[in-house]
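Asks: Here's a structure for you.
The values are calculated or read from the model by the stated rules, or taken from the named source; none is laboratory data. Predicted model, so just to flag it, every value in this text is computed and none were measured. Positions of Cβ are generated from backbone atoms using ideal geometry, with glycine treated the same way; all protein chains shown enter the neighbour counts. The protein model used for the area step is the full one, side chains on, heavy atoms only, and it has no ligands, DNA or RNA in it. Shrake-Rupley method; radii C 1.70, N 1.55, O 1.52, S 1.80 Å.
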Amino acid sequence: MQYSKEIDKKWQEKWKENDVYRYDPNSKNKKLYTLEMFSYPSGAKLHLGHWFNYAPADSFARFKKMQGYNVFHPMGFDAFGLPAENYAIKTGIHPEESTRKNIETMKRQLQEMGGSYDWNYSVETCMPDYYKWTQWIFTKLYENGLAYKKEAPVNWCDSCKTVLANEQVIGGKCERCGSEVKRKKLSQWFFKITDYAEELLTGLKDLDWPESTKKVQVNWIGKSEGSEVIFKSEDNSFEITVFTTRIDTLNGVTYVVVAPESKLVEKITTEPNKEAVQKYISETLKLNEIERLSTEKEKTGVFTGAYVINPINGEKVPVWIADYVLEDYGTGAVMAVPAHDERDYEFAKKYNLPIKAVIRKEDSQEVELPFTEYGILFNSGKYDGMTSKEAQKQMVEDLSKNNQGKKSVNYRLKDWLISRQRYWGAPIPIIYCDKCGTVAVPEKDLPVLLPKNVEFKPDGESPLKKSSEFMNCTCPKCGGKATREADTLDTFVCSSWYELRYPDCKNSEKAFDKDVISKVAPVDVYVGGKEHAAMHLIYARFMTKALRDLGYLDFDEPFKKLIHQGMILGPDGNKMSKSKGNTVSPEEYIEKYGSDIFRMYIMFGFDYRQGGPWDEKGIDSMVKYFTRIERLIDTVNELKKNESSKNITAKEKDLLRLKNQTIKAMTADIDDFSFNTAIARSMELSNKLNEYIRENEINTKILLDTVKTYITLLAPLAPHFAEEQWEKLGEKGFVYNEQWPKVIESEMNGGTKEIPIQVNGKLKTCITVDADETPDNILKQIKSAPQVVEILENSEVVKEIYVPGKIFNIVIKKD
RNA sequence: GCUGAUGUGGCGGAACUGGCAGACGCACUGGACUCAAAAUCCAGCGGGAAACCAUGUGGGUUCGAGUCCCACCAUCAGCACCA
């Protein structure tokens, strides 16, 4: 029977009957936890992006299983979130209903893909048996001071009626709906990820992750080392602490700037300036963060009327407020050195503030302002003549004696805002009691169930607030009347620990058992999109470290190795999107060709890490390849009938050599997620086999042996198809349960190879030598070859370069 | 603007730590089979008559550069006054 989706079905049923994907936690084989980022069931179906992520990664898992690893390869669904809620608002279909339906469809499709998942190990984050433990983790973090509430300016999306994290604001617009983001103050829950800033940074060096992703995280954490300097007012009534990385420029300070939101502002502003300052602050609050930070925008500010004293030289400098200083970065105040900072320079020019140069280039007396590099100090009293580095050290030392300065480290990383004024998420398990204050819901009362009958149309209020049934409760401490927290958790919280739940997903006593999961976790190979480089991947790392410190885990990092698959673009080279009408649906292809042809094509046609524009013509090449294989198997089955054990000659040796070379190359390629070259190698072996069966005389044993190896090599890449060919060859059992072929070194021997001969680095000719000879003997063969002798005799040889067994280059004198 | 990635035939893409550029395919061309076509099989396939020239452009290092260094161009992605 020719390969088609019927064959897919046949083997899917057989696999199911025989439970071949059952994970055995007690296996003695070496464990390997390989995981793809779970999917969000927003659309109804798997799209091409899912396929490109999951199908090759599944081939990798199959390959590792055949190599003898005890592979743990689960799949689940990140099921809470905005799209389901937005869909519900639009259609009236409850998020739970649409999500359930989508999950069922996607699960079916993953099975149709031939995914080797053991569905006994799965999670769906919207199910109470999962979010119970998400809530439990929240309470543990709360009890240990890692979750706290604060009023903070947040990004507000008028259209979604919700708060967005900074990370979710894309280009000033809401990540999800695209409308303009504004600023608003709300009381919010945060996780104290900043406590882990340093470890999140240093931990990166031991991870087998793409360097570019590590850099994204380094920038996200944004460590900067500098100093804090305290500027006091003349009468000591207040002080302003600034953070600077350029304390060496301290003598050049001509004013100090405070963020408009700073609590200091009200205190220090003098009567005549009150009106102007008030006006400026209200103007600032109208702007959203993106507008405010735009480089395009002209810098603005206003004088407060206050002055402070520069601790290094006693100079009196004015205090301004300006929106280019942010309340939540550093200390919320900066010292301005217009001579040595672009921004300050621009600002000083605009408002006619003095500019005082204090750093110059080492070898020049002139200073072109602003001069922002390190150099030599002048105009700086006792520090004159010092280099920037020397002065930094000395100044911190001097200031620290009067408690007016110290070394300091700052991070760009902000605490993780986890409150969402949304319906479709895990309720934050907090109860507010008039007597007892804020109380975490005790473990025995978890989960705090998400009520079903709730009006969740957005109107600026948390939907749960509108359910009195949900809101009214009793205080777990005093038993008195109390109310619940109405906000739900950011879905990134749900996905920050899911990999820990998989191995122990049925546990109803705990989130996970430390001993159970430590046999499997951490994840050895994690595969997913680059777009999660900062958010998901940093949150999950934080969660692992926090849980470790609370004693629930004994490893530091969740994902040891990370691979990003590329993106498949539309045929027009643009990102696929419904609005552009350039989407490609895997379904039609599966229907028409069967899932293995589709899988093989997406693996062969693209570099896995790179992706590229979709090209459907490429599929035909795979159809042809499958047909060739089927013909090969038929022919072999014919030849098998007339067994012949022809003597082993060069032809057989060639075949065996290539077989082993193919095993070697494919093993390395699949290990490296280089599926396109692995398939290319398999094609070479297929070509060789076809060439061999055209021989007059063949050795059927060697042929059959090689064909069996060949099908085994194809098994992880084309799982259904390989089973079918395996059966056709008369083999019993599943090829999936076969051992991945091993290289037989002795069969690699023999044969010849070509050594390129260069003159002055340019290829002139090639010499055929015995492949197994020692490099010294190969050199002898090269030197006695007539072509080489001729070159050596007829030219003035300067040098001979011999890379043993690889290349021979003759450097001759040019005339 | 800054940071990062990418740039190789008509196309998708190969090329390990510097060592035969274009593996493996697609498309194309010629041939075989056929009354014919499709399918299949065989052969060819970067440019050039050749010397040679070719991995975005221009330099450099090296016996030798797609690979290393410098400058630039183009495309894509991320970040946004970070003190």
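Asks: Sort A:TYR329, A:TYR345, A:TYR255 from largest to smallest accessible area, using a 1.4 Å probe on the heavy atoms of the protein chains.
Replies: On the way: A:TYR329 85, A:TYR345 50, A:TYR255 0 Å².
Accessible-area ranking of A:TYR329, A:TYR345, A:TYR255, largest first: A:TYR329, A:TYR345, A:TYR255.
Asks: Express the relative contact order of chain A as a whole percentage, based on alpha carbon pairs under 8 Å and six or more residues apart in sequence.
Replies: Values: 1424 pairs, mean separation 111.3, N = 815.
Across chain A, relative contact order equals 14 percent.
Asks: Now a separate question. Please provide three numbers in whole Å: the alpha-carbon extents of chain A along the principal axes, with the largest listed first.
Replies: Result for chain A: principal-axis Cα extents of 107, 86, 50 Å.
Asks: Still on this structure, I have one more. In cubic angstrom, how much convex hull volume per residue do the alpha carbon atoms of region A:406-491 span? Mind dumping the intermediate values first?
Replies: Details: hull volume 14.0 nm³, N = 86.
Taking only Cα atoms, region A:406-491 has a hull volume of 163 Å³ per residue.
Asks: For the pair A:LEU369 and A:SER159, how long in nm is the line joining their label points, each one 7 Å along Cα→Cβ?
Replies: Reported label-point gap for A:LEU369 and A:SER159 is 4.6 nm.
Asks: Something else: What FRET efficiency would be calculated for the residue pair A:THR270, A:SER400, taking the C-beta separation as r and a Förster radius of 25 Å, to the nearest 0.05? If you can, show how the numbers build up before the last one.
Replies: On the way: r = 31 Å, r/R0 = 1.25.
It comes to 0.20.
Asks: Output the pairs from A:LYS444/A:LYS514; A:LYS640/A:LYS728; A:LYS477/A:LYS506 with a Cα-Cα distance over 22 Å in this structure; if there are none, say none.
Replies: Numbers: A:LYS444/A:LYS514 20 Å; A:LYS640/A:LYS728 12 Å; A:LYS477/A:LYS506 30 Å.
Checking Cα-Cα distances, A:LYS477/A:LYS506 exceed 22 Å.
Asks: Would you work out if region A:635-769 is rounded, prolate or oblate? Take a ≥ b ≥ c from the square roots of the eigenvalues of the alpha-carbon gyration tensor; rounded if a/c is under 1.5, else prolate when a/b is larger than b/c, oblate otherwise.
Replies: oblate
Asks: Further question on the same structure: Cross-link candidates for A:LYS232: which lysines have Cα within less than 23 Å, leaving aside residues fewer than 8 places away along the same chain?
Replies: Within the straight-line limit of under 23 Å, A:LYS232 reaches these lysines: A:LYS263, A:LYS267, A:LYS274, A:LYS316, A:LYS356, A:LYS382, A:LYS393, A:LYS401, A:LYS406, A:LYS407.
Asks: In addition: Please report, to two decimal places, log10 I(q)/I(0) for region A:325-364 at q = 0.29, 0.35 Å⁻¹ as given by the Debye formula with identical point scatterers on the Cα atoms and no solvent.
Replies: Log-scaled intensity ratios, in q order: -0.95, -1.09.
Asks: Report, to the nearest whole %, how much of the accessible area of region A:538-583 belongs to carbon and sulfur atoms, 1.4 Å probe, protein only.
Replies: On the way: 930 of 1950 Å².
Accessible surface attributable to carbon and sulfur in region A:538-583 totals 48 percent.
Asks: Hey, any idea what % of region A:64-126's accessible area is carbon plus sulfur with a 1.4 Å probe? If you can, show how the numbers build up before the last one.
Replies: Working: 1010 of 2170 Å².
That fraction is 47 percent.
Asks: Say each of A:LYS279 and A:GLU745 gets a label point 7 Å from the Cα, pointing the same way as Cα to Cβ; how far apart are those two points in nm?
Replies: Output for this residue pair reads 8.6 nm.
Asks: How much of the DSSP beta bridge set in chain A is antiparallel, as a percent to the nearest 5?
Replies: On the way: 75 of 97 bridges.
Looking only at bridges with both residues in chain A, the antiparallel portion is about 75 percent.
Asks: Follow-up. Dividing the convex hull volume of the Cα atoms of region A:220-279 by its residue count, what figure in Å³ per residue is obtained? Show your work: numbers first, answer last.
Replies: Details: hull volume 7.8 nm³, N = 60.
Roughly 130 Å³ of hull volume per residue.
Asks: A follow-up question, please. Among rounded, prolate and oblate, which fits region A:591-702 when a ≥ b ≥ c are the square roots of the eigenvalues of its C-alpha gyration tensor, a/c under 1.5 means rounded, and a/b larger than b/c means prolate?
Replies: Values: a/c = 3.26, a/b = 1.71, b/c = 1.90.
Judged from the Cα gyration tensor, region A:591-702 comes out oblate (a/c at least 1.5, b/c at or above a/b).
Asks: Taking only Cα atoms, what is the 0 to 90° angle, nearest 10, from helix A:700-714's long axis to the longest principal axis of chain A?
Replies: 10
Asks: Between Rg and the Kirkwood Rh of region A:705-784, both from Cα atoms, what is the Rg to Rh ratio? Numbers along the way, then the final one.
Replies: Values: Rg = 20.5 Å, Rh = 16.1 Å.
Ratio of gyration radius to Kirkwood radius: 1.28.
Asks: Against the longest principal axis of chain A, how steep is helix A:650-671, in degrees 0 to 90 to the nearest 10, with axes from Cα atoms?
Replies: Helix A:650-671 sits roughly 20 degrees off the main axis of chain A.
Asks: Name the long-range amide H neighbours of A:ALA336: under 5 Å, sequence gap of 5 or more, or other chain; modelled H, no Pro or chain starts.
Replies: Those qualifying (amide H under 5 Å, at least 5 residues apart or on another chain) are A:THR254, A:TYR255, A:VAL256, A:VAL257.
Asks: Take the Cα atoms of region A:1-140, find their three principal axes, and give me the spread along each one in whole Å, biggest first.
Replies: Result for region A:1-140: principal-axis Cα extents of 47, 45, 26 Å.
Asks: How much length would be gained if the chain were fully extended between A:LYS205 and A:ASN642, taking 0.36 nm per residue of separation minus their Cα-Cα distance, in nm to one decimal? Please list the in-between numbers first.
Replies: Numbers: separation 437, 0.36 × 437 = 157.32 nm, distance 6.06 nm.
Net length gain for the segment: 151.3 nm.
Asks: Can you give the extra length, in nm with one decimal, that the chain gains between A:ARG100 and A:ASP654 once fully stretched, where that is 0.36 nm per residue apart less the Cα-Cα distance? If you can, show how the numbers build up before the last one.
Replies: Numbers: separation 554, 0.36 × 554 = 199.44 nm, distance 5.57 nm.
Result: 193.9 nm gained on full extension.
Asks: So which lysines can A:LYS578 reach, going by Cα to Cα under 24 Å and dropping same-chain residues fewer than 8 places off?
Replies: Within the straight-line cut-off, A:LYS578 pairs with A:LYS45, A:LYS90, A:LYS101, A:LYS107, A:LYS173, A:LYS530, A:LYS592, A:LYS617.
Asks: Provide the packing ranking of A:48-58, A:468-478, A:261-271, i.e. peptides ordered by the mean count of other C-beta atoms within 10 Å per residue, highest first.
Replies: Values: A:48-58: 22.8, A:468-478: 14.1, A:261-271: 15.8.
Answer by packing, highest mean first, reads A:48-58, A:261-271, A:468-478.
Asks: Follow-up question, since we're still on this one. Taking square-rooted eigenvalues a ≥ b ≥ c of the alpha carbon gyration tensor, is region A:208-363 rounded, prolate or oblate, where a/c under 1.5 means rounded and, failing that, a/b exceeding b/c means prolate? Intermediate results must be reported in sequence, preceding the final value.
Replies: Numbers: a/c = 1.72, a/b = 1.26, b/c = 1.36.
Here region A:208-363 falls in the oblate category.
Asks: A further question follows. Explain nothing, just the number: relative contact order of region A:316-373, from Cα pairs under 8 Å at least 6 residues apart, as a whole percent. Walk me through the numbers on the way to the answer.
Replies: Values: 52 pairs, mean separation 16.8, N = 58.
Across region A:316-373, relative contact order equals 29 percent.
Asks: Further question on the same structure: Past the 14 angstrom mark, what percentage of all C-alpha to C-alpha distances in region A:19-61 do you count?
Replies: On the way: 565 of 903 pairs.
Looking at region A:19-61, the distances longer than 14 Å represent 63 percent of pairs.
Asks: At 1.4 Å probe radius, can you tell me the per residue accessible area of chain A in Å²?
Replies: On the way: 37690 Å² over 815 residues.
Dividing the accessible area of chain A by its residue count gives 46 Å².
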